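What follows is a set of notes on a single structure, which appears directly below.
No value in this document is a laboratory result; all are computed from the given coordinates. All figures in this text were calculated on a predicted structure; none of them were measured in a lab. As a convention, Cβ positions derive from the backbone with ideal geometry for all residues, glycine included, and neighbour counts pool all protein chains shown.
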Amino acid sequence: MDVALEFGYRVAWALLQLLLSPFYWLSVVFIAIHYRRQMLLERRLFSVKMNSWIGQTWRAWLGGLLAGICVSAASIGLGITIPQSIVFLLWGISIVLLLFRVRMLCLAYAAGIAALGQTILRFMPDWTPDGWVGTLTTDLREMNAAGLLVLVALLHAAEAWLVRKQAPLFASPLFMESKRGRVVGAYQMQTLWPIPLFLLFPTVTAGETLPWTPLLSGDIWQQGWMLMAFPVMIGFSELTYTYLPQEKAAVTSSRLFMYAAALLTISLLANWWTPLVAVAGIVAIGMHEWLIWQSKFEESGRSPILTHDRNGLRVQAVLPGSPAEEIGIQVGELISKVNGIPVRTKEELHQALRSSAAFCKLEVYNNSGDLKFVQRAVYAGEHHQLGVLLAPDDDVNYVAITKPASLLHLLSVPWKRSGHAGIGINKDKESSA
């Protein structure tokens, strides 16, 4: 009972640390800014918003909390320890990397750099600067880099699970210009989660020893210990125009599990053979970059799927809670006829919907190529396309800016004028949907 009370007290203290941590709330604010920016882009392109940015932020926060609990339990059981000075170092590296690329706000890069830095410092055992730099240098030289990289592997396993479960819900439809200058439909799958971690922190003043022997940093159980709150942010960024969101999420999730397994294996080996720390650091960074390169390579080698064809109009997105969602229209399907009238343009779709003021019947080709029939009553005040957002055609005024984002880019406008703007369309019209 005394052990349980002591552990509960230290968990409560760590929770208070988390609530007072500026890094944790900074990550939540950063995520809120990201989803608000995404909502503004959707309004510009489609004149509607898919989801509330507050709701998306809440969903990301809750997913991150669940993942944090699971990873914290595993890390405490393994005995992963990180000195407090290293926590600040990792956040400092992450913020610097954020200035160049948003996707680099990932512990894999900061931890990989720290592991490589430790390897370099161990070749200079007599070099210790004065002041706080010297303290940081000593902590970096003596930290358990293998344990830190094990933590990175566990976080990416959690990320893989979150991508599989939540990423399709965060996918934002957009219009983009292809390399050939053609406007195509795409999905921005940029998802971030704030992760609260609770890690062991060695101290000689706590007065209690661990009631078990950890796998990593085994000597910590011989001295006092505390729990320390360590907030991090994980996430992934994918721009896809050749996969549907659920398909891209499945592919990305599988590769992240592979990355986590490879990094976990090499990091555990590095815990027993120190020279492998540098290899694990290189794997943490290099394999992460390979995942991004592999995704871009696949996208460039496939044809866009969000285009109309002679059979009908392609559905790029369905508004949550809309009539289209109610009758079961799915992303990627093809609307062929409305009220018995073939539709090949948005204008024909609008005319066909107006041909019956109180009822509509649709013929739709599903993603397997089979024809299905759906129908529903039409009520006043509902979305003029039943909540269906269509793939782009030539009448597009705005497209998304799809260059890799940095911190400064998040403060800029995420769209630009399309090269097709004003060609054969009403100048006052602001979107193509």
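Of the DSSP H helices in the chain, those with a Cα length along their own long axis of 30 Å or more and a mean Kyte-Doolittle hydropathy reaching -0.5 comprise 22-46, 53-78, 145-170, 245-272, 276-300. Positive end of the dipole of region 2-300 (Cβ unit charges, origin at the Cα centre): among T240, I80, I95, the Cα lying farthest that way belongs to T240.
Between the listed residues C360, G328, V388, the Cα displaced farthest toward the positive end of the dipole of region 313-390, a dipole computed from Cβ unit charges relative to the Cα centre, is found at C360. Working note: 222 nm ellipticity from helices only, DSSP H runs with n ≥ 4, each -39,500 (n - 2.57), summed and divided by the residues of the chain, gives -16000 deg cm²/dmol to the nearest 500.
Projected over every direction and averaged, the convex hull enclosing the alpha-carbon atoms of the chain yields 24.7 nm². Counting every other Cβ atom within 10 Å of each residue's Cβ, I335, I113, I401 order from fewest to most as I401, I113, I335.
Quick one: net charge of Y259's neighbours, Cβ under 13 Å, K/R +1, D/E -1?
Net charge in that neighbourhood comes out at -1.
Placing unit charges on the Cβ atoms of the charged side chains and taking the dipole of region 122-203 about its Cα centre, the candidate lying farthest along the positive direction among A146, L200, W161 is W161.
For region 245-289, the calculated P(r), taken from all Cα-Cα distances in 10 Å bins from zero up to the bin holding the longest distance, is 29, 42, 20, 8, 1 percent. Going from the residue with the fewest nearby Cβ atoms within 10 Å to the one with the most, I80, I120, I31 rank I120, I31, I80. Within the listed set M226, M258, M124, the residue fluctuating most in the Gaussian network model of the chain (springs between alpha-carbon atoms under 10 angstrom) is M124.
Of S303, S253, S295, the residue with the greatest mean-square motion in the GNM of the chain, using alpha carbon springs below 10 Å, is S303. The charge dipole of the chain, taken about its Cα centre with unit charges on the Cβ of Lys, Arg, Asp and Glu (plus for the first two, minus for the last two), comes to roughly 1380 debye. Legend: distances between Cα atoms for K165/K296; K165/K416; K248/K337; pairs beyond 25 Å are K165/K416; K248/K337. Exposure proxy for K179, K248, K416: other Cβ atoms within 10 Å of each Cβ, ordered fewest to most, give K179, K416, K248.
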